[in-house]
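**Student:** Can you read through this structure? Questions will come right after.
The values are calculated or read from the model by the stated rules, or taken from the named source; none is laboratory data. Not measured: the values here are computed from a predicted model. For neighbour counting, all protein chains shown are included, and Cβ atoms are generated from backbone atoms with ideal geometry for every residue, glycine included. Protein only, heavy atoms only, side chains kept; ligands, DNA and RNA dropped before computing areas. Shrake-Rupley method; radii C 1.70, N 1.55, O 1.52, S 1.80 Å.
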Amino acid sequence: KDSPRMLIEHWIRAKYEWKEFHSETNQLPVYLKGVKSGTLLKKGKERGCWLQRHFMLDRLNNTISYYDKASTAGQKLLGQVDLKTCYVLLTDEKIVEKANCLHILYPRGRTMRSIYVCANSVREIIEWYYAIRSFQTQLGYARNCVETVFESYLSKTPAEGKGAWRRRWCILVAGKILYYKNIMDPFPKGEVQLSKDDKCEKLHNLPRYVRSGPDYIFTLSTKKRTYYWGVANEETCTQWIKHIDMVQADMLE
């Protein structure tokens, strides 16, 4: 029931329209075996242009590898993403303003790098999603990459609530809150590392030194400082607190 709507719709069409589970040999579709390659549009890191790149799940190196072109003649490897530590997220077209888009998030140095790719159809991008997750499962990496993931716009203040509220795209992943100036930025503007001792709660009375801001605010108190996060509606506020609590619960296991 918690699956994105597009995944549920894909499963229904795969079963009843495309007959992917009705073969005589009773074999799963190839992409559900973690096998996939093809051309996708990738958002450039520097200029932000969308460029065609050839992607493949590299079973030799256990990576998502991408090249400048599909032809092997003179083909140049442009990058690789380690499947052991990457997260793959389906994006909301209404938010990213790009259809059939996938967000691949992985560690790069001390921070997290984001790659956005899109396909010509929703069927193609969901097959990529399932192929990556299936490959991770086969490799025994799936447990590493199914930690609580939640994302939305939040407003935050500078240190200790002193200063103007600024709207940021925020992602809760890998035990951190990453916040970005713009939604498709390749690197976050900053991050907050969570610990099991942090305290997260809804704020009912705003301190005098904190400027008035969004209607709903929650705080995250860490050993270093208290963060003030604001949202436009109560449901999103509740969801952020819930998911942070889930991350902390995982830390106690």
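**Student:** Could you tell me whether any residue of segment 120-138 is surrounded by 17 or more Cβ atoms within 10 Å (Cβ to Cβ) and part of a loop (DSSP other than H, G, I, E, B)?
**Tutor:** No.
**Student:** Regarding segment 155-173, can at least one residue be identified that is more than 20 Å from Cys237 (Cβ to Cβ), touching a helix residue (DSSP H, G or I) at 6+ places or on another chain (Cβ under 8 Å) and in contact (Cβ under 8 Å) with a residue 24 or more places away in the chain?
**Tutor:** No - not one qualifying residue is present in segment 155-173.
**Student:** What pairs can you find where one residue is in segment 68-96 and more than 20 Å from Met184 (Cα to Cα) and open to solvent by less than 80 Å² (accessible area, probe 1.4 Å), the other is hydroxyl-bearing (Ser, Thr, Tyr) and part of a loop (DSSP other than H, G, I, E, B), and their Cβ atoms are less than 6 Å apart, with a gap of 6+ or different chains?
**Tutor:** As it stands, the answer is Leu83/Tyr141, since those pairs meet every condition given.
**Student:** Can you go through Arg113, Arg123, Arg53, Arg133 and tell me which one is under 22 Å from Ile177 (Cβ atoms), in contact (Cβ under 8 Å) with a residue 12 or more places away in the chain and of a type in the set (D, E, K, R)?
**Tutor:** Result of the check over Arg113, Arg123, Arg53, Arg133: Arg113.
**Student:** Also, quick follow-up: Is it the case that segment 78-85 has a residue that's under 20 Å from Val122 (Cβ atoms), outside any loop (DSSP other than H, G, I, E, B), under 19 Å from the mean Cα position of the chain (by Cα) and modelled with pLDDT of 80 or more?
**Tutor:** Scanning segment 78-85, I find no residue that is under 20 Å from Val122 (Cβ atoms), outside any loop (DSSP other than H, G, I, E, B), under 19 Å from the mean Cα position of the chain (by Cα) and modelled with pLDDT of 80 or more, so the answer is no.
**Student:** List pairs: first residue in segment 235-253 and free of Cβ contacts under 8 Å to residues at least 60 places away in the same chain and among the basic types (Lys, Arg), second residue surrounded by 17 or more Cβ atoms within 10 Å (Cβ to Cβ) and not in a loop (DSSP other than H, G, I, E, B) anywhere in the structure, Cβ distance under 9 angstrom, at least six positions apart or on different chains.
**Tutor:** Lys242/Phe150
**Student:** Moving on to the next point. Checking the conditions here, which among Tyr216, Tyr228, Tyr209 is in contact (Cβ under 8 Å) with a residue 40 or more places away in the chain and open to solvent by 30 Å² or more (accessible area, probe 1.4 Å)?
**Tutor:** Residue meeting the stated conditions: Tyr209.
**Student:** Could you tell me which numbered condition Arg53 fails, if it satisfies all but one of (1) closer than 16 Å to Phe135 by Cα; (2) assigned to a strand (DSSP E or B); (3) among the basic types (Lys, Arg)?
**Tutor:** Evaluating Arg53 over (1) closer than 16 Å to Phe135 by Cα; (2) assigned to a strand (DSSP E or B); (3) among the basic types (Lys, Arg) leaves (1) as the failure.
**Student:** Hey, can you tell me all the residues within segment 231-241 that are more than 15 Å from Val192 (Cα to Cα) and surrounded by 13 or more Cβ atoms within 10 Å (Cβ to Cβ)?
**Tutor:** Result: Val231, Ala232, Thr236, Cys237, Thr238, Gln239.
**Student:** Looking at Leu102, Leu40, which is the one that is in a strand (DSSP E or B) and under 15 Å from the mean Cα position of the chain (by Cα)?
**Tutor:** Leu102
**Student:** Restricting to segment 105-119, and then to whatever is farther than 18 Å from Tyr130 by Cβ and either among the small types (Gly, Ala, Ser) or not in a strand (DSSP E or B) (or both), can you tell me which residue is least open to solvent (accessible area, probe 1.4 Å)?
**Tutor:** This residue is Ser114.
**Student:** Another question about this same structure. Could you tell me whether Leu57 is open to solvent by less than 30 Å² (accessible area, probe 1.4 Å) and over 18 Å from Pro186 (Cα atoms)?
**Tutor:** Here the answer is yes, as Leu57 does meet what is asked.
**Student:** Which of the residues belonging to segment 168-206 are among the basic types (Lys, Arg) and either surrounded by fewer than 13 Cβ atoms within 10 Å (Cβ to Cβ) or not in a strand (DSSP E or B) (or both)?
**Tutor:** Lys181, Lys189, Lys196, Lys199
**Student:** Another question, then. Inspect segment 232-249 for any residue being modelled with pLDDT under 95, in a strand (DSSP E or B) and not aliphatic (A, V, I, L, M) and give the result as yes or no.
**Tutor:** Looking through segment 232-249, none of the residues is modelled with pLDDT under 95, in a strand (DSSP E or B) and not aliphatic (A, V, I, L, M).
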